[in-house]
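The values are calculated or read from the model by the stated rules, or taken from the named source; none is laboratory data. Owing to the predicted nature of the structure, the values given are computational and were not obtained by experimental measurement. Reconstructed Cβ throughout: ideal geometry from the backbone, glycine too, with neighbour counts over all protein chains shown.
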Amino acid sequence: MNSPFFRIATAALIIASHAAAAPATVELNQGGAVRGEILADTAERVVVDLGFSVLTIPREVITRVTKDAPGAAPTTAVGDELFRQDPTARPQAVKDLVNAIGDRVVLVKTPGGLGSGFMIHEDGYLITNDHVIAGESEITITVFGQGNKGMDKKTWGNVRIVAANAEMDLALLKIETGDKTRFPTVPLGASDELRQGMPVFAIGAPLGLERTVSQGIISLKNRVEDGHIFIQTTTQINPGNSGGPLFNLKGEVVGVNNMKIVSPGAEGLGFAIPSDILKLFLHNREAFAFDPANPNSGFRYNRPPRSK
């Protein structure tokens, strides 16, 4: 075969090596990378399970093999985009996902109220709604980790608003730890791939009840309200859920919980900002950079003078 990759045909090698399988990224000297579980790693070749096929990669075309640390979430590098994606994510039960990624969801408090958020970068960057922090200068973030003796709850008070936009109702915050603290993160999924009836779930702090999980389905992936596109879901969204993540069953964030319709007889009408819009916000965060001297979100540009 001309290609350096070929499907492995020796079942015995797969079975013998599977016990040592570990997620890793294989970087190639011709550019690009392959990610999957390492079934075998020898001086001649590396065998990678991609989920839908098994590849054998000759050692001479490999630049580097980077294995995930034990317990670390798989990731793909996204450079300066501040978020990660996980092409190897597979559907799991909600209870398993909550145990695995629940500590990535945080409580956001201000003197005027509270909301939810979620960590997107290990350096302390997180996402919430703009309306959760709008007009506030004192913000605290509470992170819920798993300690040796149960839940480890830690509150951070030195929080900076990096970017914010009222129209999108999104805000990017950063916890300034003063040390080398690293935070576990959640991957962003593709909201465009959502379909009606797909199961989703939310984690947040409705009415301040931290670490609350609610589950529902996608009612419509592109509901238009006030000129903006939202994901409509039956997942319970209440005050305090604002800014928290809406997950698919792969543990990817597909939406940022935003609001619900409150009306007599109305139930199951929750709305979330699609993750594809969140990515657009993060890609262009410099345009929404927060100016602490300005009461409005982002930079304000004065109107040009009008000719008489």
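Listing for the model above:
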quantity: Some residue of segment 131-139 being touching a residue at least 40 places away in the same chain (Cβ under 8 Å), in the same structural domain as PRO91 (by TED's automatic domain parsing) and in contact with a Gly (Cβ under 6 Å, 6 or more places away or on another chain); calculated: yes
quantity: Criterion (among the hydroxyl-bearing types (Ser, Thr, Tyr), under 28 Å from ASP49 (Cβ atoms) and under 16 Å from the mean Cα position of the chain (by Cα)) met by exactly one of THR88, THR128; calculated: THR88
quantity: Identity of the residue in segment 164-194, within 14 Å of the chain's Cα centre (by Cα) and among the β-branched types (Val, Ile, Thr), that ends up farthest from PRO245 (Cα to Cα); calculated: THR185
quantity: Residue check for PRO87: out of contact with any strand residue (DSSP E or B) (no Cβ under 8 Å at 6 or more places or on another chain), surrounded by fewer than 17 Cβ atoms within 10 Å (Cβ to Cβ), over 21 Å from ASP291 (Cβ atoms) and in contact (Cβ under 8 Å) with a residue 40 or more places away in the chain; calculated: no
quantity: Residue list for segment 86-113, filter: outside any loop (DSSP other than H, G, I, E, B) and either among the polar types (S, T, N, Q) or in contact with a helix residue (DSSP H, G or I) (Cβ under 6 Å, 6 or more places away or on another chain) (or both); calculated: ASN99, VAL108, THR110
quantity: Residues (closer than 20 Å to LEU207 by Cα and either part of a strand (DSSP E or B) or hydroxyl-bearing (Ser, Thr, Tyr) (or both)) located in segment 115-147; calculated: GLY115, SER116, GLY117, PHE118, ILE127, THR128, THR140, ILE141, THR142, VAL143, PHE144
quantity: Any hit, segment 40-59, residues being under 28 Å from VAL98 (Cβ atoms), surrounded by 17 or more Cβ atoms within 10 Å (Cβ to Cβ) and at pLDDT 65 or above; calculated: yes
quantity: Verdict on ARG182 being of a type outside the set (Gly, Ala, Ser), in contact (Cβ under 8 Å) with a residue 40 or more places away in the chain and either part of a loop (DSSP other than H, G, I, E, B) or crowded, with 19+ Cβ neighbours inside 10 Å (or both); calculated: yes
quantity: Test: VAL186 is under 19 Å from VAL105 (Cα atoms), touching a helix residue (DSSP H, G or I) at 6+ places or on another chain (Cβ under 7 Å), outside the structural domain of ASP130 (by TED's automatic domain parsing) and modelled with pLDDT of 95 or more; calculated: yes
quantity: Residue in segment 150-157 that is touching a residue at least 24 places away in the same chain (Cβ under 8 Å), among the aliphatic types (A, V, I, L, M) and either assigned to a loop (DSSP other than H, G, I, E, B) or more than 18 Å from LYS279 (Cα to Cα) (or both) present; calculated: no
quantity: Criterion violated by THR76 - all others in (1) under 30 Å from LYS174 (Cβ atoms); (2) surrounded by 15 or more Cβ atoms within 10 Å (Cβ to Cβ); (3) modelled with pLDDT under 80 satisfied; calculated: (2)
